[in-house]
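A.B. asks: Structure provided below as structure tokens; questions to follow.
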Amino acid sequence: MEERKSKRSVRLALVLGAAVAGTALVGWGGLAAWQAYTQNSGNAFSVGTLSHTNVANGSDVTCQSTTSSAKAATTPCQLIVTANIATSTWQGATGTVTIANTGTIASTFQLSSPTGDAPTGGLCAYLSLTVTGLDSANAYLSQSSIGSISATALNNSAGNASWAQGDSNTFTFSVAPANGFADTDSVLGQTCSFDVLFTQAA
């Protein structure tokens with residue numbers, strides 16, 4: 001008799017345990033019949049590229065930009081304008097440089113002298129410097145004698161300050177005799193050297 005009651009108690013415990021477990025599953029959604037879902041995956045971020053090319057005087061040598069001005073100084077692009085002057089009647093020299101935005105980010109450009117890198121040589125006082133672009137006849141820079149270039153904003157060839165990917169402009173650097181160049185012996189044996197830096201920013 002006691003054995004029969006014990007078996008009955010075990011069966012009852014098992015049934016109650018199963019019922020409780022089933023209730024728990026339904027409560028936690030394990031057996032729920034009504035469900036709906038949405039999922040938004042792959043939320044991500046990326047940064048575009050900032051780069052430009054520098055080509056002097058239509059050369060087939062393309063100078064690529066770097067994100068370090070120090071590295072740009074140690075790996076300079078080609079000369080824009082230069083001359084060996086052999087006569088007092090020398091009329092000047094010109095050269096061009098084409099800047100093109102090859103990055104994906106719309107950006108701005110400026111021209112300046114590199115920091116701590118002023119023009120050198122006594123001849124600079126007797127030479128003028130003018131910089132123009134394809135976008136306008138108005139000069140971006142006009143110096144009666146070659147000196148340090150303050151940061152000067154540059155437009156693309158359409159005259160826009162913001163350069164989209166693929167935008168470009170060709171700038172002409174004109175150096176001419178000035179300040180009594182042809183009338184003074186002070187220029188004899190003198191030199192003038194200057195560097196220019198193109199800075200792209202976004």
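Quick note: the coordinates plus some simple rules give every number you see, no bench work behind them. Computed from a predicted structure; not experimentally measured. Backbone-built Cβ (ideal geometry, glycine too); neighbour counts: all protein chains shown.
A.B. asks: Report the label-to-label distance for Thr115 and Ala33 in nanometres (one decimal), using points 7 Å from each Cα along the Cα→Cβ vector.
C.D. replies: 7.3
A.B. asks: Here's something else I'd like to know. By count of other Cβ within 10 Å, fewest leading, how are Trp34, Trp163 ordered?
C.D. replies: Going from sparsest to densest Cβ surroundings: Trp34, Trp163.
A.B. asks: Sort Ile105, Ile80 so that the residue with the fewest other Cβ atoms within 10 Å of its own Cβ comes first and the one with the most comes last.
C.D. replies: Ile105, Ile80
A.B. asks: With θ set to phi - 60°, apply the Karplus curve 6.51 cos²θ - 1.76 cosθ + 1.60 along the range 125-137 and write out the HN-Hα couplings as whole Hz, x wherever there is a Gly or Pro.
C.D. replies: Per residue, the Karplus-derived 3J(HN,Hα) values read 5, 10, 10, 9, 9, 10, 10, 10, x, 5, 6, 7, 6 Hz.
A.B. asks: What is the set of long-range amide H partners of Tyr140 at a cut-off below 5 Å, with H atoms built 1.01 Å from backbone N?
C.D. replies: Val131, Thr132, Gly133
A.B. asks: If you rank Ser41, Ser145 by fewest surrounding Cβ atoms within 10 Å, what's the result?
C.D. replies: By the 10 Å Cβ count, ascending: Ser41, Ser145.
A.B. asks: Applying a 10 Å radius around every beta-carbon, put 94-100, 133-139 in order of their mean neighbour count, most first. Each step should come with its number before you reach the end.
C.D. replies: Details: 94-100: 19.7, 133-139: 13.7.
The peptides rank, most packed first, as 94-100, 133-139.
A.B. asks: Using 7 Å Cα-to-Cβ label points, what is the Asn40/Ala158 separation (nm, one decimal)?
C.D. replies: My value for the distance between the label points is 3.4 nm.
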